[in-house]
Amino acid sequence: MKVKVSRRAHFNAAHRLYRPDWSFEKNDEIFGKCNNPNFHGHNYELIVSVYGEIDQETGFVIDVKILKDLIKSEIENAFDHKNLNVEVPEFKDLNPTAENIAVVIWNKLRPHIDSEKDLEVTLYETPRNFVTFSG
Ligand code: NI
């Protein structure tokens, strides 16, 4: 039997959405308030889900303690209270939109999850706006 196991996590981070090759006016038109040159913060809510067979010995798909520690070491320690554009190398040349952040998180976690299991990342940038990436 396959079951989806999820862990919710949280981080605060600052970002700015813009393209250096566009004028300020064009960036303003496309990215609005997220183009603020002085950056701004979001309270990101993250849900990481692992889908797979239940291990017959443990009864787990994945030990949630392991998942919790993985999210802490790979994501929270790298992103929490950081300026994503300035302090997180993955976003040096990549716009830190919710879409791109979700893909980066998925790529950071994927090598640590059993390859026979599916990984899904849902990222809330606001309580109403969220994105999902599953590879
Ligand atoms: Ni924003």
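For the reader, a short list of remarks on this structure follows.
- Output for segment 1-24, where each listed residue is modelled with pLDDT of 95 or more, open to solvent by 40 Å² or more (accessible area, probe 1.4 Å) and more than 19 Å from residue 85 (Cα to Cα): 2, 3, 4, 6, 7, 8
- Cross-chain or 6+ apart pairs with Cβ under 6 Å, segment 48-65 first and farther than 15 Å from residue 120 by Cα, then in a loop (DSSP other than H, G, I, E, B) and open to solvent by 90 Å² or more (accessible area, probe 1.4 Å): 54/1
- Search result, residues across segment 1-26 that are among the hydrophobic types (A, V, I, L, M, F, W, C), within 13 Å of the ligand (Cβ to nearest atom) and assigned to a strand (DSSP E or B): 13, 14
- Near pairs, Cβ below 8 angstrom, 6+ apart or cross-chain, from segment 28-47 (more than 8 Å from the ligand (Cβ to nearest atom)) to any residue that is open to solvent by 60 Å² or more (accessible area, probe 1.4 Å) and basic (Lys, Arg): 45/8; 46/8; 47/7; 47/8
- Selection of segment 50-71 for residues being closer than 15 Å to residue 108 by Cβ and open to solvent by less than 50 Å² (accessible area, probe 1.4 Å) yields 50, 67, 70, 71.
- Just one of (1) free of Cβ contacts under 8 Å to residues at least 40 places away in the same chain; (2) in contact with a helix residue (DSSP H, G or I) (Cβ under 7 Å, 6 or more places away or on another chain); (3) open to solvent by 40 Å² or more (accessible area, probe 1.4 Å) fails for residue 111. It is (2).
- Helices (runs of 4 or more DSSP H) enclosed by segment 27-125 - at least 3 residues per element that are under 23 Å from residue 135 (Cα atoms): 64-71, 98-109
- Taking segment 75-108 as the range and being touching a residue at least 60 places away in the same chain (Cβ under 8 Å) and under 30 Å from residue 2 (Cα atoms) as the test, the residues that pass are 75, 76.
- Residue 102 meets each of the listed conditions (1) surrounded by 15 or more Cβ atoms within 10 Å (Cβ to Cβ); (2) more than 15 Å from the ligand (Cβ to nearest atom) apart from (2).
The values are calculated or read from the model by the stated rules, or taken from the named source; none is laboratory data. Predicted model only: the values in this text are computed from it and were never measured. Note that each Cβ is placed from the backbone with ideal geometry, even for glycine, and that neighbours are counted across all protein chains shown. Only protein heavy atoms, including side chains, enter the accessible area calculation; ligands, DNA and RNA are left aside. Shrake-Rupley method; radii C 1.70, N 1.55, O 1.52, S 1.80 Å.
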